[in-house]
Each structure stands twice: as C-alpha cells, then as structure tokens.
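The values are calculated or read from the model by the stated rules, or taken from the named source; none is laboratory data. Just so it is clear, the model here is predicted, and its values are computed rather than measured. Neighbour counts are summed over all protein chains in view; Cβ atoms, including those assigned to glycine, are modelled from backbone coordinates with ideal geometry.
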Amino acid sequence: MKRRDFLKGVAGASALAICAPLCNSSASLPRQSDRPPAADQETRVFLAGIRPGSSSAELETAVREAALAASDFSWLSRGDAVFIKPALNSGHPYPATTSPVAVSAMVKLLKEKGARRVVVGDMSGIGHVKLSPQGLQGSTRRLMDISGMAKTVQVAGAEINFFEEAGWRGFYEDSMATGAHWKRGLMMPGILKEMDHIVLMPRCGRHVLAGATLGLKAAVGYWRTDTRLEYHRDAATFHEKTAEANTSQTLLAKQRLVISAADKLLTTFGPDQGYVHQPAIGLIIASGSVVAHDMVSLAWLLENREQIPSDQRDGFIDSSPLVARLANDWVVAKLGGWRQAISSDKLIKNDLRTIWDDRVLNHAYKIFQNVPRLAITAANRQLPGTIKERLSKMVLS
C-alpha cells in the first residue's frame, strides 16, 4: 500500500466511519497471565550475521549457513518438489519484498540437496492484484519482474508461479486444525498439491494494519480474494485469524523451514513503503518453527525501530489506530466493495512495544499450546555475541 493510494482512500473511509458505528466489534488485548506455559524443550533459532555492503555471494553464504544450521534437510528426498513462499505484496524492492538474493541462495541449496523441482510463487496484495470470478486485474508476474526477484530465482534454477494465473477455480478449500475465528476454510492455490515441501521466506517489516509483517502474516499471500475479504472484513479477530491460518492442513503437513534475510528492515508504515534501516550487522533468521522465528524477527524489528532517526519516523500515519482502521476499511472496499466495508468490524492495531504485545503471537502460543522456549544460536562467526544476548533478553517469557 502506497501512502498516496491510502490518502486517496481515506476520504471515502472517513465518511464510512461516520456512517458506521464507532465500534461494531471489539477485541481485548491479552494479558500476560493468559499465556500458556513455556515449552519443556528448547526451540532453536539460528542467526547468521552479515555486514553492510557485503557482496551477493557473501549474503548467499550467510543464508546457506543459517539454513544448514536450522535443518539437516533429512526431510528432502532426491526428486522431491519444493515450494518457496516469499513475501511479494508489491513490486517494491527488498526489504518491502523478500530478498531475491536470499531466495536464490535457497533455490541453489535445495537443488544441491536433491530437489527435482523448486517453485517460487505468491499472489500480491489487493492494491496491485485482484482476482474475481469475473476476471483478473493486475499481475504478480509483472511485480516479481519489477522487484528483480523473477530473473534472480530463474537464473538459480527455479520455476515461478503466480496463483491468480490459475483462475478462480485454481484454488482448493483447506481446513485448519484450529480455525475458531473463521467462517469457512482457506482457499489455497492448487500448485501446493503438487509440492512435497514448503520453505517460507518472509521479510522483516512494519505493517500499517497488522503492526508487523513476518512469517505468520505471510500466509495471506496464498489466499484467494474471498478468503482475504473475510480476513479483513471480520477485523475484530484479524490477528487471531492470522495465527489460525498457519494451522492449515497443507502448512502443517509440508512446511519445513522458515528463513528471513533481515540485513535491511522496513521499519515504518509498511507493507510496501516506509523507512529502510540497515543495521551495522544484519541478520539471517532461520528456524523450523514459524512461531519461534517470528518471536526473534519481531524482537529484531523492534530493536531496529529504536535506532532510526526521529525525523525519519512516520509519526501519526505509522502508529495511529485510526489510520489502521481506515486503511483496513479501504482494503475491504477494494476486496468486496463499500457495502462490505460499511458492515466490517473495527480493526484494533497491535501496539508493539515488546513482542508480548503482539496478538498474532499471543494467539499462536494458545493454538500451538505453549510459548516456545527459545535457544538463540549463532550460525556463523559474523554474529556478534551482543546481538544474541540482546535478542535473548527480549524473547524471555
């Protein structure tokens, strides 16, 4: 979502807010005492350090180091097909989208480990692409070209796939192990039925609606327009539905690894635009657990938000609950029209001061029945011990 596009929609959304009840649904933020207990066993999250100005080859090496530390790839048999799910909400370059170099490194590693077929794909956000039973507007393929990801991953040996190109009937309904806040199953892309495994490669960034966009939030990219409409329209449980969607039968059965390049971060506004911060040492974050990954990724985002110059912060537009509500109304209108937006719930935006404020993670702890007891481990020599120590303190329960 671009700032100017949002501002164009604010007039209509503001009028809508006058017509609609000030709060037609509510959701209270969870208390610390509501969290389930910490897990008995440790869940490991591996960090590889990467210095600013490093070459593509050095970044690829860091990605490989983190991935090989996080997984022995025993799940991958020779001849298997692997789907890589990046975050490609728009055509904006990394870190608004997943790092093409990081995806390229993973494609090469999977090929080396015996994958017969590696497919990279996504469907971009409603501000850029809309699929309906009547047809299609926009193109994720074009956005992947613009972002630089398409050429990079194809050179590495991957296929590319764009869910909307299969048409409205190219999706299937997938049930969730826990979907209490959903009215129906998730409409997922048919290409996943052809895949043996999934590697999730999100980005680390701010999100004007959700607060942050990390691994759990990346599930939205799979969904058909009607699933996205329910998600945004019934916004009182927006964050809870995000967590529950990660219990889809497909993801539980096939997702093996979550790995993010976070040597650059979109630290304000999001998901498409904002202030890009490059820390003195960047990270590659990898884990077999999407929840554990997101705990560390969010801690890294919050730490780096504190480092940006005060004159580069988005201020009101970045932090205002009203802006988030109006922006969500605009998204609902884009997905299903203004009548749907009029009847939509009020979105309550995460106020992210610590990782324990995040409603997505707090609900994920409940549905996965524990808070991961994290062990943050260095995956290469470039990771300073001070970073590991600071992040470890931030994720202590």
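Per-structure values
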read-out	value
From Leu347, Leu352, Leu391, residue being in a loop (DSSP other than H, G, I, E, B), of a type in the set (A, V, I, L, M, F, W, C) and within 19 Å of Ala262 (Cα to Cα)	Leu352
Any hit, segment 175-186, residues being surrounded by fewer than 23 Cβ atoms within 10 Å (Cβ to Cβ) and assigned to a helix (DSSP H, G or I)	no
Contacts under 7 angstrom Cβ, first residue in segment 107-118 being crowded, with 17+ Cβ neighbours inside 10 Å and modelled with pLDDT of 95 or more, partner assigned to a helix (DSSP H, G or I) and not acidic (Asp, Glu), 6 or more apart	Val107/Val153; Leu109/Arg64; Leu109/Ala67; Val118/Val107; Val118/Leu110; Val118/Lys111
Qualifying positions in segment 249-265 - over 30 Å from Arg313 (Cα atoms), surrounded by fewer than 23 Cβ atoms within 10 Å (Cβ to Cβ) and in contact (Cβ under 8 Å) with a residue 60 or more places away in the chain	Gln249, Thr250, Leu252, Lys254, Arg256
Count of residues meeting criterion [out of contact with any Ser or Thr (no Cβ under 8 Å at 6 or more places or on another chain) and either part of a helix (DSSP H, G or I) or within 19 Å of His128 (Cβ to Cβ) (or both)] in segment 313-335	13
Set Leu322, Leu347: member being more than 19 Å from the chain's Cα centre (by Cα) and aliphatic (A, V, I, L, M)	Leu322
Residues that are buried (at least 21 other Cβ atoms within 10 Å of the Cβ) and closer than 19 Å to Gly385 by Cα, drawn from segment 266-285	Gly282, Leu283, Ile284, Ile285
Leading residue by the ranking (surrounded by the most Cβ atoms within 10 Å (Cβ to Cβ)) among those in segment 148-166 that are touching a residue at least 40 places away in the same chain (Cβ under 8 Å), hydrophobic (A, V, I, L, M, F, W, C) and more than 18 Å from Met195 (Cα to Cα)	Met149
Every residue from segment 53-67 that is closer than 26 Å to Gly221 by Cα, surrounded by fewer than 24 Cβ atoms within 10 Å (Cβ to Cβ) and either at pLDDT below 95 or not charged (D, E, K, R) (or both)	Leu59
Some residue of segment 350-365 being acidic (Asp, Glu), within 18 Å of Glu240 (Cα to Cα), in contact with a Ser or Thr (Cβ under 9 Å, 6 or more places away or on another chain) and surrounded by 18 or more Cβ atoms within 10 Å (Cβ to Cβ)	no
